[in-house]
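Chemist: Questions regarding the structure given below will be posed in turn.
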Amino acid sequence: MLPEDPQERARTIAAFMSRHDQLAVSFGMEILEVRPGFARVKMKVTSSMLNAVKLCHGGAIFSLADFAFAVASNSYGQVAVALSAHINYPAPAKEGDELLATAREISRTRRTGLYQVEVRRQDETLVALFTGNVFLRQDTLADWMFKNTSDDK
């Protein structure tokens, strides 16, 4: 069972997601902060994330924003799955840059949620602006988490 305290619940869910989201694990993403409807995640740009002109691939930046979006939208314990996402890239990132994605809930209803994620370099330059919509399913993340605890052993 998940903790009743909303902040503790968000932390428990974030810890589960940081262990079980294989793309986030392989990209070295780290959740720095989480609370209901909010997440802050960092990632260092490595050589394996570069495109042909030695800039961080848009897909890697999108993945960081998408993971922060997932953590924020699932932080209440109800399963949230993406319906749509859009991203703009106003500035590039390069190898060695540390990117920080900050996801904020804009709106949440009984069935949907709208989130905005800013991805910034260590110098505060905006690298990407992501918006995403989620569908809130009827099942809870706790039910799914505890069915799969044997994966942790």
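Bear in mind these aren't lab numbers, they're just calculated from the coordinates by the rules spelled out. Quick caveat, the model's predicted, so the values are computed rather than measured. All Cβ positions, even for glycine, are placed from backbone atoms using ideal geometry, and neighbour counts span all protein chains on display.
Chemist: Against the conditions (1) among the polar types (S, T, N, Q); (2) touching a strand residue (DSSP E or B) at 6+ places or on another chain (Cβ under 9 Å); (3) crowded, with 16+ Cβ neighbours inside 10 Å, where does residue 12 fall short? Just the number, please.
Modeler: Against the list (1) among the polar types (S, T, N, Q); (2) touching a strand residue (DSSP E or B) at 6+ places or on another chain (Cβ under 9 Å); (3) crowded, with 16+ Cβ neighbours inside 10 Å, residue 12 comes up short only on (2).
Chemist: Is it the case that some residue within the range 54-70 is closer than 17 Å to residue 10 by Cα, buried (at least 20 other Cβ atoms within 10 Å of the Cβ), aliphatic (A, V, I, L, M) and out of contact with any helix residue (DSSP H, G or I) (no Cβ under 9 Å at 6 or more places or on another chain)?
Modeler: Looking through the range 54-70, at least one residue is closer than 17 Å to residue 10 by Cα, buried (at least 20 other Cβ atoms within 10 Å of the Cβ), aliphatic (A, V, I, L, M) and out of contact with any helix residue (DSSP H, G or I) (no Cβ under 9 Å at 6 or more places or on another chain).
Chemist: Against the condition surrounded by 20 or more Cβ atoms within 10 Å (Cβ to Cβ), under 14 Å from the mean Cα position of the chain (by Cα), within 19 Å of residue 29 (Cβ to Cβ) and touching a residue at least 60 places away in the same chain (Cβ under 8 Å), how does residue 103 come out, does it pass? Break it down stepwise before answering.
Modeler: On the way: surrounded by 20 or more Cβ atoms within 10 Å (Cβ to Cβ): yes; under 14 Å from the mean Cα position of the chain (by Cα): yes; within 19 Å of residue 29 (Cβ to Cβ): yes; touching a residue at least 60 places away in the same chain (Cβ under 8 Å): yes.
Considered against the rule, which asks whether it is surrounded by 20 or more Cβ atoms within 10 Å (Cβ to Cβ), under 14 Å from the mean Cα position of the chain (by Cα), within 19 Å of residue 29 (Cβ to Cβ) and touching a residue at least 60 places away in the same chain (Cβ under 8 Å), residue 103 comes out as yes.
Chemist: Still on this structure, I have one more. What do you reckon, is residue 93 of a type outside the set (S, T, N, Q), buried (at least 23 other Cβ atoms within 10 Å of the Cβ) and in a loop (DSSP other than H, G, I, E, B)? Don't jump to the end; show me each part of the working.
Modeler: Working: of a type outside the set (S, T, N, Q): yes; buried (at least 23 other Cβ atoms within 10 Å of the Cβ): yes; in a loop (DSSP other than H, G, I, E, B): yes.
Yes: the conditions hold for residue 93.
Chemist: Just one of 51, 88, 74 is surrounded by fewer than 18 Cβ atoms within 10 Å (Cβ to Cβ), among the polar types (S, T, N, Q) and over 14 Å from residue 131 (Cβ atoms); which is it?
Modeler: Criteria check complete, one pass: 51.
Chemist: Which residues, taken from the range 29-42, are outside any strand (DSSP E or B) and within 16 Å of residue 62 (Cβ to Cβ)?
Modeler: Restricting attention to the range 29-42, the residues satisfying the condition of being outside any strand (DSSP E or B) are 29, 36-37.
Correct list: 29 only.
Chemist: Can residue 29 be described as aliphatic (A, V, I, L, M), over 12 Å from the mean Cα position of the chain (by Cα) and under 18 Å from residue 101 (Cβ atoms)?
Modeler: When the stated conditions are applied, residue 29 does not pass them.
Chemist: Determine which member of the set 63, 48 is free of Cβ contacts under 8 Å to residues at least 12 places away in the same chain and on the phi < 0 side of the Ramachandran plot.
Modeler: Values: 63 fails: free of Cβ contacts under 8 Å to residues at least 12 places away in the same chain.
The match here is 48.
Chemist: State the number of residues belonging to the range 38-74 that are within 27 Å of residue 138 (Cβ to Cβ) and either in contact with a Lys or Arg (Cβ under 8 Å, 6 or more places away or on another chain) or of a type in the set (S, T, N, Q) (or both).
Modeler: Result for the range 38-74: 5.
Chemist: Take the residues in the range 110-145 that are assigned to a helix (DSSP H, G or I) and touching a residue at least 40 places away in the same chain (Cβ under 8 Å), then tell me which one is surrounded by the most Cβ atoms within 10 Å (Cβ to Cβ). Explain how you work it out, then say what you get.
Modeler: To start, the set of residues in the range 110-145 that are assigned to a helix (DSSP H, G or I) comprises 141-145.
The next check asks that each one be touching a residue at least 40 places away in the same chain (Cβ under 8 Å); those that pass are 141-142, 144-145.
Values: 141: 21, 142: 18, 144: 12, 145: 19.
Filtering first and then ranking leaves 141.
Chemist: With the requirement that a residue be acidic (Asp, Glu), in contact with a strand residue (DSSP E or B) (Cβ under 6 Å, 6 or more places away or on another chain) and either crowded, with 17+ Cβ neighbours inside 10 Å or under 24 Å from residue 4 (Cα atoms) (or both), what does the range 21-38 give you? Step through it out loud before you land on a result.
Modeler: Let us first name the residues in the range 21-38 that are acidic (Asp, Glu), namely 21, 30, 33.
Next, only the ones that are in contact with a strand residue (DSSP E or B) (Cβ under 6 Å, 6 or more places away or on another chain) stay: 30, 33.
Matches in the range 21-38: 33 only.
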